[in-house]
Amino acid sequence: AEKATDMISKLVAIMQIEGTVHDLSHAVHPHPTLSEAIVEAAYGAIDGSIHI
């Protein structure tokens, strides 16, 4: 899919440091971007959200 690499790169970066969903949710993220969906999913996994 178009822009898939934008979303995947965020996950790969967290995986490389053996990070957790909490690390992902506390990282600095650009706005507005398609990869924000990954951040929203991280917040959703820990019972929170940014925009929903």
Inset, instruction - Find the residue count for region 3-29, including only residues that are more than 14 Å from ALA42 (Cβ to Cβ) and either touching a residue at least 24 places away in the same chain (Cβ under 8 Å) or among the polar types (S, T, N, Q) (or both). - result: 5
Legend entry - Restricting region 1-28 to residues that are over 13 Å from VAL39 (Cβ atoms) and charged (D, E, K, R), the residue that is modelled with the highest pLDDT: GLU18
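The values are calculated or read from the model by the stated rules, or taken from the named source; none is laboratory data. Keep in mind it's a predicted model, so treat the numbers as computed, not measured. Every residue, glycine among them, receives a Cβ derived from its backbone with ideal geometry; neighbour counts consider all protein chains shown.
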